[in-house]
Amino acid sequence: MQLVVLGSGTSVFHPRRASAGFWLQTESGSILLDCSADAPHRMAAENLNWMNLDAIWISHLHLDHCGGLAPFLFGLRHAPGIEQRTRPLKIFSCEGVEKLLRAIDESHNYKLFQQRFPVEIQEFLAGDEKPFEMIPGLKAETVPTPHRRESLAIRLINSNRKTIVYTSDTGYSEDVAEFSRGADLLILECSFYRDKPIATHLELAEAMRIAQIAEPRKLLLTHLYPEWDAVDLEAEAKKLWSGETIAARDGLRLEV
Ligand SMILES: [Zn+2]
Ligand SMILES: [Zn+2]
């Protein structure tokens, strides 16, 4: 599998960091993990085949994670060559995405769901841990994160047992750490360096405590607020955990 970082940033606009979005190319299709307002443009900028994207995961309803969903559906309607597409676009999400999309759709008759192909939404409640299949050969399960009532982390396992965990936004949680255990790639938020102003995000020491418990093969730290601009994140991380830590940056590609 190949992961492409579309957005390593947050809700704060930044010259080099778009807000959240990750493209995952698997053997059997492509998925998008979170869809900020920046994500559709970033997919185009990375020359990704966004028109044939198979599935989308939305972790929670903050707009730096889902604000691009309605514009993406709107843009798909007018994409050149979209008439040929027949296979469905599946949206898997936390609770509330369908309500949000329907409200936008009805506010101006955007026809977001009137596509040439089916758009299927499946929502998961926090605490509803039944596994599901995102695309053929890619199994998924979720766990609630202490961030918002609806927020979920996701664990993806392909047919070769390669595993990616994407926590999205989270406060410190040993459940999230256990859920991440042994991942080949752990995509973990690390919003702040130290003295975090809010309990529902992580600062570096907490992120690295999660890494110590989870022991992923590779750790990708993302959701980086502008205060990280002045800090060598990877060097600071190394002091707290000896494993491989990578600071996310837009355009980074990782093989898993
Ligand atoms: Zn966020
Ligand atoms: Zn958030």
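The values are calculated or read from the model by the stated rules, or taken from the named source; none is laboratory data. No experiment lies behind these values; they were computed from the predicted model shown. Here the Cβ is made from the backbone with ideal geometry for all residues, glycine too, and neighbour counts use every protein chain on show. For the accessible areas, the whole protein counts, side chains as well, though only heavy atoms, and no ligand, DNA or RNA atoms are used. Shrake-Rupley method; radii C 1.70, N 1.55, O 1.52, S 1.80 Å.
Across all directions of projection, what mean area in square nanometres is found for the Cα convex hull of the stretch 1-111? All intermediate terms of the calculation are to be shown ahead of the outcome.
Working: hull surface 28.9 nm².
So the mean shadow area of the Cα hull is 7.2 nm².
Report, as a whole number in µm² per second, the diffusion coefficient that Stokes-Einstein gives for the stretch 136-238 at 37 °C and 0.692 mPa s using the Kirkwood radius over alpha carbon pairs. List each step's numbers first, then the result.
Numbers: Rh = 13.7 Å.
Answer from the Stokes-Einstein relation: 239 µm²/s.
Binned at 5 Å from 0, what are the whole-percent values of the Cα-Cα distance distribution for the stretch 115-175, short to long?
All Cα pairs considered, the percentages come to 4, 17, 23, 22, 16, 12, 5, 1, 0.
How tilted is helix 204-214 with respect to the longest principal axis of the chain? Cα atoms for both, answer in degrees (0 to 90, nearest 10).
80 degrees
Given H placed 1.01 Å from N in the peptide plane, which residues other than close sequence neighbours of residue 246 have an amide H under 5 Å from its amide H?
219, 220, 221
Convert each backbone phi in the stretch 114-123 into a coupling constant with the Karplus relation 6.51 cos²θ - 1.76 cosθ + 1.60 (shift: θ = phi - 60°), then list the ³J(HN,Hα) values in order as whole Hz, x for Gly and Pro.
8, 10, 6, 9, x, 10, 10, 10, 10, 9
Do you know the relative contact order of the chain, to the nearest whole percent, from alpha carbon pairs under 8 angstrom that are 6+ apart? Don't skip to the end; give the middle numbers.
Numbers: 597 pairs, mean separation 43.6, N = 256.
Value for the chain: 17 percent.
With charges only on Cβ, +1 for K and R and -1 for D and E, what is the dipole size of the chain about its Cα centre, in debye, rounded to 20?
560 debye
Suppose we take every Cα in the stretch 67-137 and form the convex hull; what volume per residue is that in Å³?
Values: hull volume 6.9 nm³, N = 71.
It comes to 97 Å³ per residue, whole-number rounded.
Compute the projected area of the convex hull of the Cα atoms of the stretch 74-218, averaged over all viewing directions, and report it in nm² to one decimal place.
Numbers: hull surface 42.9 nm².
Average of the hull's projected areas for the stretch 74-218 equals 10.7 nm².
Against the longest alpha carbon principal axis of the chain, how many degrees, from 0 to 90 and to the nearest 10, is the axis of helix 97-108 turned?
50 degrees
Show that you can apply the helix-only estimate: for the chain, add -39,500 (n - 2.57) for every DSSP H stretch of four or more residues, divide by all residues, and state [θ] at 222 nm to the nearest 500.
Numbers: 7 runs with 55 residues, N = 256.
For the chain, the value works out to -5500 deg cm²/dmol.
Considering the Cα trace of the chain, what is its radius of gyration and what is Dmax, both in angstroms?
Radius of gyration, then largest Cα-Cα span, for the chain: 17.3, 54 Å.
How do 162, 99 stack up against each other in accessible area, from largest to smallest, with a 1.4 angstrom probe?
Working: 162 75, 99 160 Å².
Ranking 162, 99 by accessible area, largest first, yields 99, 162.
At what distance in angstrom do the alpha carbon centres of the stretch 5-27 and the stretch 218-256 lie from each other?
Comparing the Cα centres of the stretch 5-27 and the stretch 218-256, I get a distance of 14 Å.
Starting with the highest mean, order 63-69, 189-195 by the number of other Cβ atoms within 10 Å, averaged over the residues of each peptide. Don't jump to the answer; show the numbers that get you there.
Numbers: 63-69: 24.4, 189-195: 19.7.
In decreasing order of mean packing, 63-69, 189-195 become 63-69, 189-195.
Positive end of the charge dipole of the chain (Lys, Arg +1 and Asp, Glu -1 on Cβ, about the Cα centre): tell me which of 251, 110, 79 has its Cα farthest that way.
Towards the positive end, the residue furthest out is 79.
By how many nm would the segment from residue 178 to residue 108 grow when fully extended, if each residue of separation counts as 0.36 nm and the alpha-carbon distance is taken off?
Values: separation 70, 0.36 × 70 = 25.20 nm, distance 4.39 nm.
Contour length minus Cα-Cα distance gives 20.8 nm.
The stretch 204-242: which trypsin sites (Lys or Arg not before Pro) are DSSP loop and have at most 14 other beta-carbon atoms within 10 angstrom?
Numbers: sites: 209, 217, 218, 238, 239; in loops: 217, 239.
When the trypsin sites (Lys or Arg not before Pro) of the stretch 204-242 are filtered for loop state and at most 14 Cβ neighbours within 10 Å, 217, 239 remain.
Would you work out which of 131, 23, 156 lies farthest towards the positive end of the dipole of the chain, given +1 charges on the beta-carbon of Lys and Arg and -1 on that of Asp and Glu, about the Cα centre?
23
Hey, what do the phi angles of the stretch 235-247 turn into as Karplus ³J(HN,Hα) couplings, whole Hz, using 6.51/-1.76/1.60 and θ = phi - 60°, x for Gly and Pro?
Values, residue by residue: 5, 5, 5, 4, 5, 10, 8, 7, x, 7, 10, 10, 7 Hz.
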